[in-house]
Amino acid sequence: MFPLLSKSARFQKLITNTNEENIDEVHIHDIPGGPAAFEICAKFCYGMTVTLNAYNVVAARCAAEYLEMYETVEKGNLIYKIEVFLNSSIFRSWKDSIIVLQTTKSLLKWSEELKVVSHGIDSIATKASLDTLKVEWSYTYNRKKLPSENSNDPHFSSVRKQQLVPKDWWVEDLCELQLDLYERVITTIIAKGNVSGAVIGEALNAYASRRMPGFNKGEIQGGDIIKDRLLLETIIRILPVDMGSASFSFLVKLLRVAIQLECEELERSELIRRIGMCLEEAKVSDLLIRAPVGDTIFYVDIVQRLVEEFVACGQQVQTDSLLEDEFQEIRSPGMVSDPSKAKVAKLVDGYLAEIARDPNLPLAKFVNLAELVSSFTRASHDGLYRAIDMYLKEHPGISKSERKKICRLMNCRNLSAEACMHAVQNERLPMRVVVQVLFFEQLRATTSSGDNSTPDHPGSLRAFLPGGSHGSSMSTITNTEEEWDAVGTMEDIKSLKGEVDALKLSGGTGRASGRKDNNGDKGNADNVAASKMKGFISKKILSKIWSSKEKSGDLSSSDTSESPASTVVEETKSTPSRSRRHSVS
């Protein structure tokens, strides 16, 4: 008993008390680390060999503190020796530092008071923040060794020294830590300021993937919802705010899981803000997020907010630029550039085509989302046409006003030749849209053939065309509901397609003859003949459609006041406004 008394102040006090109370036994029930830790202390007191390592040193240190084995009691006491061991061996090792920090969980209160936790965190953070050129230890004990690292050949040893250590060498190792300690380590690394935000983001991504099964697929499988929600909210909170700190795919996965776990609105709004700022990087599949509740298949409201965030970000950059010198270079993110806007417009068109298949999708959500990017320049409106066509196919019972509303989203002038070919054969489109497509396709064919004349149309059909040839399908001209609701018959649509084919054939013949004739007069004559043929075909086919609409009662009383036969007369007597609507610049 004497060796214990000579090194432990606590034993000295206990023995003194028991002698005064005439008690022969000393009971110690609350020693940290339990019997194993006490055994280490007792062996040290009796001069026996004690083996300390990363797994038992924390318990030994706490037990020595409990027994008050200070230097004031005896020089070279156990507390002093353990501190030397920690600083000279444990905290110099990357692997041992992590193990020691993990073992503090069972003795957290004692470890915190003895600064073991803070010293372990600082040791790990310092090593993770080092320049990779200075990393010489076994920097990742979880990865498999390379063949060169398993060889004793001097040649391979020199190769091993020349290998560059990756910047994220520590990422996988820290996934072993529990959430509270992991958060503290990452926060300390960020505070030191030597690690880029991209590496921090990669570390958080790796931790989420390790701790939440199914995270990489954007859907958590089983597990403790409360625990997973706390983990996700912690990751979102400590994620660096600088651009590029998190990949787009990582942000999307965080948002998907946040929706599934019903995280707080604050965290979800932060993710929406960050994703919206770089929305041009998204793919359509990234936005197909299942709706947690409701009748719709997809969570359209979230995508609406993402696009709104992108639009608002662009407006904010424009506003800020007005406050700067107009000649000063504006360092705005690429997301607000015209190419970025075009990417987002194409993205939204593709997304609309997917959600249009949902029979329960309200038209208002479709239209509102499409209108957000209506001002963005697109290479063509083919994607939007495809989305509108899909919606009309899946929602055949929509009203006249709804049909008009959705068709006005599209600009027929911006359809490609292939889309025009499809549109003129599309029975789901209103007749007015089909005629507009035909008009612009004829205009395109006329321009490509080198003929600058304006294609002639029956006067009454001009009401179907957008505000003159200068307008678009989103013209503000008021049209009757019957015009929008009229749908062409198969015979009418085949006639329209035949006219377009005839236009292309005549244009190609004119160009070919112009090339073959050395004189050139014959080619010019053919071009004139082709131009006349276009007008003839146009009048003939469109007059046929017009007659068909009159017979079917699709026209309003104001539209039937003119007949195809009066077209030529009407053109010579047209009012100035009518002439302007018929002109082509």
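The values are calculated or read from the model by the stated rules, or taken from the named source; none is laboratory data. The shown structure was predicted, so the numbers you read here are calculated from the model rather than taken from an experiment. Cβ placement follows ideal geometry from the backbone for every residue including glycine, while neighbour counts extend to all protein chains displayed. These accessible areas exclude ligands, DNA and RNA; they are computed on the full protein's heavy atoms, side chains included. Shrake-Rupley method; radii C 1.70, N 1.55, O 1.52, S 1.80 Å.
On the protein heavy atoms, probe 1.4 angstrom, tell me the percent of accessible surface of the stretch 1-99 carried by carbon and sulfur.
Working: 2890 of 5430 Å².
In the stretch 1-99, the share of accessible area belonging to carbon and sulfur is 53 percent.
For F85 paired with N194, estimate the spin-label separation in nm (one decimal), with each label point 7 Å from Cα along the Cα-to-Cβ line.
So the label points at F85 and N194 sit 2.8 nm apart.
Residue by residue through the stretch 428-441, what is 3J(HN,Hα) from phi via Karplus (6.51 cos²θ - 1.76 cosθ + 1.60, θ = phi - 60°)? Round to whole Hz and write x for glycine and proline.
7, 7, x, 4, 4, 5, 4, 5, 4, 4, 4, 4, 6, 5
Just grab the label-to-label distance for N360 and K13, each label 7 Å out from Cα along the Cβ direction, in nm (one decimal).
The answer from the label model is 6.8 nm.
Under the rule of at least 5 residues apart or a separate chain, name every residue whose amide H is placed under 5 Å from the amide H of F298.
Amide H to amide H, under 5 Å and 5 or more residues apart or across chains, F298 pairs with A291.
For the pair A291/Y55, report the inter-label distance in nm, with labels modelled 7 Å from Cα in the Cβ direction.
My value for the distance between the label points is 5.5 nm.
For the peptides 255-265, 381-391, what is the packing order when you average, over each peptide's residues, the other Cβ atoms within 10 Å and list the highest mean first? All intermediate terms of the calculation are to be shown ahead of the outcome.
On the way: 255-265: 18.4, 381-391: 22.3.
The densest-packed peptide leads the list: 381-391, 255-265.
Suppose R0 equals 56 Å; then what is the FRET efficiency for S129 and E418 from their Cβ-Cβ distance, rounded to the nearest 0.05? Walk me through the numbers before you get to the answer.
Values: r = 56 Å, r/R0 = 1.01.
Computed FRET efficiency for S129 and E418: 0.50.
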